[in-house]
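*Asks:* Structure below; questions to follow.
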2 protein chains.
Amino acid sequence: MTPANRKVASDLEGFFAREEPRIRRELDEFLRIPSVSARSEHNKDTERCAEWLAKQLVQIGMKATIHPTAGHPIVVAEWRDAGPDAPTILVYGHYDVQPVEPLELWTSPPFEPTVRDGKLFARGSVDDKGQLYIHVKAAEALLKQRGRLPMNLVILAEGEEEVGSDNLAGFVEKNAKMLAADAVVISDSSMFAPGQPSILSSLRGLAYFQIDVVGPAQDLHSGSYGGAVVNPAMALARILSTMHDAKGRITIKGFYDKVRKWEKRSRDAIKKLPFKDRTFLHETGATALGGEDGFGTLERIWMRPTCEVNGLLSGYTGEGAKTVLPSKAMAKVSCRLVPDQDPQQIAKLFTAHVKRVAPKGVKVSVQYIHGGKPWRAELDGPLYDAARLALRAAFGKEPVIVGEGGSIPVVGDFTRVLETPVLLMGFGLPGENAHAPDEWISLENFSKGLRAVATLYEELGGGRREAGG
Amino acid sequence: MTPANRKVASDLEGFFAREEPRIRRELDEFLRIPSVSARSEHNKDTERCAEWLAKQLVQIGMKATIHPTAGHPIVVAEWRDAGPDAPTILVYGHYDVQPVEPLELWTSPPFEPTVRDGKLFARGSVDDKGQLYIHVKAAEALLKQRGRLPMNLVILAEGEEEVGSDNLAGFVEKNAKMLAADAVVISDSSMFAPGQPSILSSLRGLAYFQIDVVGPAQDLHSGSYGGAVVNPAMALARILSTMHDAKGRITIKGFYDKVRKWEKRSRDAIKKLPFKDRTFLHETGATALGGEDGFGTLERIWMRPTCEVNGLLSGYTGEGAKTVLPSKAMAKVSCRLVPDQDPQQIAKLFTAHVKRVAPKGVKVSVQYIHGGKPWRAELDGPLYDAARLALRAAFGKEPVIVGEGGSIPVVGDFTRVLETPVLLMGFGLPGENAHAPDEWISLENFSKGLRAVATLYEELGGGRREAGG
């Protein structure tokens, strides 16, 4: 065993100090591939990105395979020479990225990595290519410096995280034996604050919908028809306005039935975190915060479910005026879910609600686009001990246990299919614009992340075995 | 005086029978010019369109001038050789057209006139180039066949009707002397049904707004922020949902204060018109009609004001899903007005309402884009007698008196500034898609319109004076 206050092993430190410029150049290459999974016009890029990643994994000494799916391919790399008695760690990440629109709001092009103020700007820099690459290069450090890893390692990178991971659960189920592991490690989240390493203990789930309201067969002149034909955009607004009551509670019948109450201990821990509403508000740029009555900001984001409009489109949206009675109106709406809400069941409740409040004179349909289950971790045991030690070694500070309002739906799949504990150890930061223009990763976090993950691998493999140490 | 049942003069009939193919070719030329006044990228086309029209007016023997304005130019043509004792008729029309988006819904390109099933499809075919051109060619028929017009004629064509006629009222005021007339004639409306000539006795006014709701400074990840930051798209939906009560009445305080009650006689006349809800519903393609309780369909369109959403835009509207908390949301909203509502006053009431219901946490602004006053005609006197006679002669059927839900704001300006009675005699038809893809004009109506307008000019000039007749 290693001392609680150990440092990053000096040979690994040396490797990173020496190799980081090259590692960063490789990362730039990775980020330049526009692997936008939501856009079919980028299918070839997404495929090329999987190939690029597989090649990298082979170069560091792993056996890599590209598995085709009904959607984008899954890349799996294995290194199993630690033997059957050593533990096996499964690392999960994704090489696909969010769409980049609106393009005009990017300061530098989304697929041209650019450094400003210690931040590396590019689509995918933090979500999740940069964080996935930390694991690849941490493994390389151990393989190059020690000739081996202290544990068996499987790296699984999918290309459909940003579009609902449709084919991952099936893949994990079918390949449960290959993916069997003692722990799953994922870096696809953020630290609580700059310099404050964090372990993520909860994730919200998701149920994402599109509501389509269709009125007249085509756009009509609002003068010649307005007043006698139901306006689908107004109908949509009325439907959306029924989703919350005056206290910010969601009014969908049965929506809260399965919501687990958080124990007082966890709510108290949240209150102790160095968090200021004012700072958070400033970061968002909004004029005031809002949300469900009776909950603080972090509670609203980590503990409570939501129902949000993600997009609206109807009629004429260009310059000036066009007096049109639109034929149709569309809303993208998604619910963030908390344990033990189930996305499939929420989809039923949501659809029933929309149908119930839909006005006469328009056709209203609800499409359930995708979803994922919420998750909470068990924080006791050697996996989390190792994570705390590794983060302390790399960042020089005790990690905090935090929640996350976002969704990593696969965490639920790994828990369910592989029955493996999951560790979420992320290196993003608040304000990183993961799904917005000007996405970035902190270069300091990237650098310390390499050291933390390499140290984590050491610890999970049984503690320090530094060559010659 | 001419007999009540007179026919179209035979020399004019002969002229049109002979010249219509050429007239149609010229109209196609007119329609090919994409004079979209709302789009600055079409400014050159709009200017070119004014020049084309002026040249045509000179060719038929009028004196034409292009008057620059702060926006698009106004074309005025004059023929005053009937002498000071003859009446003067002012014809108003517009050569600008609506935007054409969404382009993919056009069966044939909007600026490539195409005939299908007796309809001429093109942007501007009916609104208003086709109808304006009927007047130009009716004047040509008289000038060519008789060597003169029986009355003095001024044709005024503006290029900003589809963007609110911002510069017209000022122009009319400044040039009231040049435009002084005994009657204003406008063809920019529709007949009640195919084969049923119609005189328009009322128009709704308009007040057009844009509501902008701004929340966070940029799009945020809906997982990391959702639940604690007010969603501007949801806020916009809630604002819009407050505009009507459950009975379809507009809830803006003071909105109905100035609405004039229609006399029983007019409501009874509406009920006698050959109108079927079922046919109207079928024409719209909607599943059911709707609107304010206590009013029939034609009453809802002609007599009652509205508040409609013309466009909605927020966040992600592309393929698939993007879990974004949008930075902003926009709605185009317009109110159709009835006598004696005033657009400026409605703008104040509308803005006050939006500000009152705007939720905390978002910045809400209302922009009044443009407006126009509602109008009702006095139906007695020689102007309307001549119109009835001319329409009967060309269409072989007694015209009906109808209302119109659309707006021709300039009618109010002519009434106010020139103190002249206005005659609205249109040749469009229901379903003509004036502001939508696949706009068309009936070729039969275009043809009979030529004859009706030439006959109207004859009548307004003192009755039949057929050469050699």
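Values in this text are rule-based calculations from the coordinates and carry no lab data. No experiment lies behind these values; they were computed from the predicted model shown. Glycine also receives a Cβ, built like all others from the backbone with ideal geometry; neighbour counts cover every protein chain displayed.
*Asks:* Using only Cα atoms and rounding to the nearest 10 degrees, what angle (0 to 90) does helix A:232-241 make with the longest principal axis of chain A?
*Replies:* So the helix axis and the longest Cα principal axis differ by about 60 degrees.
*Asks:* Using the number of other C-beta atoms within 10 angstrom as an exposure proxy, rank B:22, A:123 with the fewest first.
*Replies:* Neighbour counts put them in this order, fewest first: B:22, A:123.
*Asks:* For region B:115-250, with only Lys/Arg (+1) and Asp/Glu (-1) charged at the beta-carbon, what is the dipole magnitude about the Cα centre, in debye rounded to 20?
*Replies:* Roughly 520 debye, rounded to the nearest 20.
*Asks:* What FRET efficiency comes out for the pair residue A:379/residue B:352, r = Cβ-Cβ distance, R0 = 60 Å, nearest 0.05?
*Replies:* That gives a FRET efficiency of 0.65.
*Asks:* Next question, about the same structure. How far is the Cα center of region B:263-313 from the Cα center of region B:1-65, in Å?
*Replies:* That distance is 33 Å.
*Asks:* Related question: With every atom except the alpha carbons ignored, what do you get for Rg and Dmax of chain B, in angstroms?
*Replies:* Rg, Dmax (Cα atoms, Å): 23.6, 86.
*Asks:* Helix A:343-357: angle to the longest alpha-carbon principal axis of chain A, degrees 0 to 90, nearest 10?
*Replies:* Orientation of helix A:343-357: about 10 degrees from the principal axis.
*Asks:* Give me, ordered by chain and number, the residues 5 or more places off residue A:324 or on other chains with an amide H under 5 Å from its own placed amide H.
*Replies:* So residue A:324 has HN proximity to A:222.
*Asks:* Follow-up question, since we're still on this one. Please report, for residue B:283, the nm distances (one decimal) from its label point, 7 Å out from Cα along the beta-carbon direction, to the equivalent points in the remaining copies, shortest first.
*Replies:* Counterpart label points of residue B:283 in the remaining copies fall at 5.7 nm.
*Asks:* Follow-up question, since we're still on this one. Simple spin-label model, 7 Å along Cα-to-Cβ: residue A:108 to residue A:340 in nm?
*Replies:* It works out to 4.9 nm between the two label points.
*Asks:* Here's something else I'd like to know. Please compute, for peptide B:278-291, the average count of beta-carbon atoms on other protein chains lying within 10 Å of each residue's beta-carbon.
*Replies:* 6
*Asks:* Around residue B:216, with a cut-off of 13 angstrom between Cβ atoms, what is the net charge of the other residues, counting Lys and Arg +1 and Asp and Glu -1?
*Replies:* -1
*Asks:* Here's a follow-up. Every other copy gets compared here: list the nm distances from the residue A:80 label point (7 Å along Cα to Cβ) to its counterparts, shortest first, one decimal.
*Replies:* For residue A:80, the other copies' label points sit at 10.0 nm, shortest first.
*Asks:* Going Cα to Cα from residue A:355, which aspartates and glutamates come in below 12 Å? Please leave out same-chain ones fewer than 8 positions away.
*Replies:* The reachable aspartates and glutamates, counting only those whose Cα sits under 12 Å from residue A:355, are A:212.
*Asks:* Using +1 at the Cβ of each Lys and Arg and -1 at the Cβ of each Asp and Glu in region B:151-211, identify which of B:211, B:156, B:178 lies farthest towards the dipole's positive end.
*Replies:* So the residue we want is B:178.
*Asks:* Got a sec? How would A:67, A:435, A:282, A:94 order by Cβ neighbour count within 10 Å, fewest to most?
*Replies:* Lowest to highest Cβ neighbour count: A:282, A:67, A:435, A:94.
*Asks:* Using a basic spin-label model with each label point 7 Å from the Cα along Cα→Cβ, how many nm lie between residue B:271 and residue B:245?
*Replies:* Computed distance between label sites residue B:271 and residue B:245 equals 2.5 nm.
*Asks:* Let me ask another. Across region A:218-372, what fraction of all alpha-carbon pairs, as a whole percent, falls in each successive 10 Å bin from zero upward?
*Replies:* Once binned at 10 Å, the Cα pair distances of region A:218-372 give 9, 30, 29, 21, 8, 2, 0.
*Asks:* A further question on this structure: Would you kindly state how much longer the chain becomes between residue A:253 and residue A:22 on full extension, computed as 0.36 nm times their sequence separation minus their alpha carbon distance, in nm to one decimal?
*Replies:* Extending this stretch completely gives an extra 77.7 nm.
*Asks:* Pull out a ≥ b ≥ c, the square roots of the eigenvalues of the alpha-carbon gyration tensor of region B:305-402, then state rounded if a/c is under 1.5, prolate if not and a/b is larger than b/c, and oblate in the remaining case.
*Replies:* Verdict is oblate for region B:305-402.
*Asks:* How much net charge surrounds residue B:310 when only the other residues with a Cβ under 14 Å from the Cβ of residue B:310 are counted, with Lys and Arg +1 and Asp and Glu -1?
*Replies:* Net local charge, residue B:310 excluded: -1.
*Asks:* Treat each spin label as a single point 7 Å out from the Cα along the C-beta direction, and report the residue B:55 to residue B:166 distance in nm.
*Replies:* 2.8
*Asks:* Moving on to the next point. Per residue, what volume in Å³ does the Cα convex hull of the protein assembly as shown take up?
*Replies:* 164
*Asks:* Count, for each residue of A:324-336, the Cβ atoms from other chains sitting within 10 Å of its Cβ, then give me the mean as a whole number.
*Replies:* Per-residue shielding by partner chains comes out at 6.
*Asks:* Can you check what the Kirkwood hydrodynamic radius comes to for region A:416-456, Cα pairs only, in Å to one decimal?
*Replies:* Kirkwood radius, region A:416-456: 12.3 Å.
*Asks:* Looking at the protein assembly as shown, what % of its DSSP beta bridges pair antiparallel, to the nearest 5?
*Replies:* Within the protein assembly as shown, antiparallel bridges account for around 70 percent of the total.
*Asks:* Calculate the dipole size of the protein assembly as shown relative to its Cα centre from +1 charges on Lys and Arg beta carbons and -1 charges on Asp and Glu beta carbons; express the result in debye to the nearest 20.
*Replies:* 2100
*Asks:* Among A:384, A:457, A:208, what is the fewest-to-most ranking by other Cβ atoms within 10 Å?
*Replies:* A:384, A:457, A:208
*Asks:* If the reach is capped at under 17 angstrom between alpha carbons, list the aspartates and glutamates near residue B:264, excluding any in the same chain fewer than eight residues apart.
*Replies:* Residue B:264 reaches B:299, B:378.
*Asks:* Tabulate in residue order the Karplus-calculated ³J(HN,Hα) for region A:173-184, using 6.51 cos²θ - 1.76 cosθ + 1.60 with θ = phi - 60°, rounded to whole Hz; enter x for Gly and Pro.
*Replies:* Using θ = phi - 60°, the values come out as 4, 5, 10, 4, 5, 4, 9, 3, 8, 8, 7, 10 Hz.
*Asks:* Go through A:328/B:363; B:7/B:144; B:129/B:328; A:276/B:348; A:261/A:360; A:63/A:129 and tell me which ones have a Cα-Cα distance over 29 Å in this structure.
*Replies:* Table pairs above 29 Å Cα-Cα are B:129/B:328; A:276/B:348; A:261/A:360.
*Asks:* Still on this structure: Across the residues of B:235-244, average count of Cβ atoms on other protein chains within 10 Å?
*Replies:* The shielding value for this peptide is 6.
*Asks:* Along Cα→Cβ at 7 Å, what distances in nm separate the residue B:29 label point from those on the other copies, shortest first?
*Replies:* 6.4
*Asks:* Right, here's the next one. Could you work out the local net charge near residue B:300, counting Lys and Arg as +1, Asp and Glu as -1, over the other residues with Cβ closer than 14 Å to its Cβ?
*Replies:* Cβ neighbours under 14 Å give a net charge of +1.
*Asks:* How large is the charge dipole for region A:286-411, taken about the Cα centre, if only the Cβ atoms of Lys, Arg (+1) and Asp, Glu (-1) carry charge, to the nearest 20 debye?
*Replies:* Using Cβ point charges on Lys, Arg, Asp and Glu, region A:286-411 gives about 760 debye.
*Asks:* Counting only C-alpha contacts under 8 Å and six or more residues apart, can you give the relative contact order of chain A as a whole percent?
*Replies:* Dividing the mean separation by the residue count of chain A yields 27 percent.
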